[in-house]
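Notes follow the structure.
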């Protein structure tokens with residue numbers, strides 16, 4: 001049974017932003033996240049089409065994780081999703097994906113994943129997202145730009161919900177993400 005959560009938009013002065021920031025650092029290696037100042041700017045800026053949501057367990061009110069979502073023309077890009085260690089493997093991550101999908105059910109969700117060739121964890125992550133309605137755009141790998149000067153490129157693939165097609169939309173989706181999300 002999937003645990004019920006609520007998602008609340010946050011800013012850097014929200015009560016659990018320090019917990020979000022700490023989880024962000026623990027959950028994502030440096031080459032898969034921007035630095036904390038740049039992240040804080042994105043969270044607080046009205047000119048950046050990104051919203052950071054804190055997830056809370058409905059039953060207890062406990063902070064359960066966070067997700068960052070970018071609004072693009074015709075789709076929403078789920079950039080980072082992490083669950084707190086205290087609730088991990090309890091359905092919270094899936095509930096978060098489902099809650100993001102429910103916010104705008106007519107807009108597809110897009111996210112990036114490491115290819116299956118990266119190993120068991122990459123395969124498990126892909127399977128997790130498939131169970132929540134996303135499809136892997138097979139045969140369409142690309143290099144994610146670095147989040148910081150001198151940083152590493154990361155080989156990734158796209159997953160998306162219904163409404164987008166790999167053949168038709170790959171260049172537009174990847175081009176949009178690369179041009180808006182990653183620093184120049």
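The values are calculated or read from the model by the stated rules, or taken from the named source; none is laboratory data. Here the structure is a predicted model, which means the values were calculated and not measured. With ideal geometry, Cβ positions are generated from the backbone for all residues, glycine too; neighbour counts draw on all protein chains shown.
Please pick out the residue among 175, 94, 151 that is in a helix (DSSP H, G or I), surrounded by 16 or more Cβ atoms within 10 Å (Cβ to Cβ) and either at negative phi or within 15 Å of the chain's Cα centre (by Cα) (or both). Reasoning before the result, please.
Working: 175 fails: surrounded by 16 or more Cβ atoms within 10 Å (Cβ to Cβ); 151 fails: in a helix (DSSP H, G or I).
One residue alone meets the criteria, 94.
Can you work out which of the residues in the range 11-27 that are outside any helix (DSSP H, G or I) and out of contact with any helix residue (DSSP H, G or I) (no Cβ under 6 Å at 6 or more places or on another chain) is nearest to residue 84 (Cα to Cα)? So that I can check it myself, show each step before the final result.
Here is the first cut: in the range 11-27, the ones outside any helix (DSSP H, G or I) are 11-16.
From what's left, out of contact with any helix residue (DSSP H, G or I) (no Cβ under 6 Å at 6 or more places or on another chain): 13-16.
Values: 13: 20, 14: 17, 15: 16, 16: 12 Å.
Filtering the range 11-27 for residues that are outside any helix (DSSP H, G or I) and out of contact with any helix residue (DSSP H, G or I) (no Cβ under 6 Å at 6 or more places or on another chain), the one nearest to residue 84 (Cα to Cα) comes out as 16.
Quick check, is residue 139 at pLDDT below 95 and under 28 Å from residue 48 (Cβ atoms)?
Details: at pLDDT below 95: yes; under 28 Å from residue 48 (Cβ atoms): no.
No: the conditions fail for residue 139.
Consider only pairs whose beta carbons are under 8 Å apart and that are at least six residues apart or on different chains; among these, list those whose first residue lies in the range 45-71 and is without any contact (Cβ under 8 Å) to a residue 40 or more places away in the chain and at negative phi and whose second residue is assigned to a loop (DSSP other than H, G, I, E, B) and surrounded by fewer than 19 Cβ atoms within 10 Å (Cβ to Cβ).
Hits for this filter: 71/49.
Would you pick out the residues in the range 28-39 that are assigned to a helix (DSSP H, G or I), surrounded by fewer than 17 Cβ atoms within 10 Å (Cβ to Cβ) and out of contact with any strand residue (DSSP E or B) (no Cβ under 7 Å at 6 or more places or on another chain)?
30, 36, 37, 38 - these are the residues of the range 28-39 that are assigned to a helix (DSSP H, G or I), surrounded by fewer than 17 Cβ atoms within 10 Å (Cβ to Cβ) and out of contact with any strand residue (DSSP E or B) (no Cβ under 7 Å at 6 or more places or on another chain).
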